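The values are calculated or read from the model by the stated rules, or taken from the named source; none is laboratory data. These numbers were taken from a predicted model, which means no experiment stands behind them. When we count neighbours, we look across all protein chains shown, and the Cβ atoms used for this are built from the backbone with ideal geometry, even at glycine. In case anyone asks, the SASA skips ligands and DNA or RNA and just uses the protein heavy atoms, side chains included. Shrake-Rupley method; radii C 1.70, N 1.55, O 1.52, S 1.80 Å.
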Amino acid sequence: VLASLPLQMMLYFNFYYFPVWFVAEGMMLQLKYELLPQHYQFLLVTAFIILSLTEVSRLYLGYVGNLQEK
């Protein structure tokens, strides 16, 4: 099996730093949510959800792809 060790290390550390980013970004969004106009509120929540889902899928596919050489 020829898995990329640097990629696997980056995915490993990102796997543990993602929850920290998620909580910090969620707290910042909660703090400034009421001060923003409605269209910015919608855009920020939408971007937060899309980025979170994208990151989770990127981490999963990176692990699977690197370990199975795909």
For the chain, the longest principal axis of the Cα atoms and the Cα long axis of helix 5-32 enclose an angle in degrees, to the nearest 10, of 10 degrees
Simple spin-label estimate for Gln68/Val56, 7 Å along Cα→Cβ, in nm, reads 2.0 nm
Computed over all unlike Cα pairs, the Kirkwood hydrodynamic radius of the chain in Å stands at 13.8 Å
Over region 5-68, with neighbouring protein chains present, the accessible area per residue in Å² at probe 1.4 Å is 80 Å²
In nanometres, the difference between 0.36 nm per residue of separation and the alpha-carbon distance of Tyr40 and Phe22 is 4.6 nm
Tilt, helix 38-67 to longest principal axis of the chain (alpha-carbon atoms), in degrees rounded to tens, equals 10 degrees
Rounded to the nearest 500, the 222 nm mean residue ellipticity computed for the chain from DSSP H runs (n ≥ 4, each -39500 (n - 2.57)) alone is -30000 deg cm²/dmol
Expressed as a whole-number percentage, the relative contact order of the chain with C-alpha contacts under 8 angstrom and at least six residues apart is 71 percent
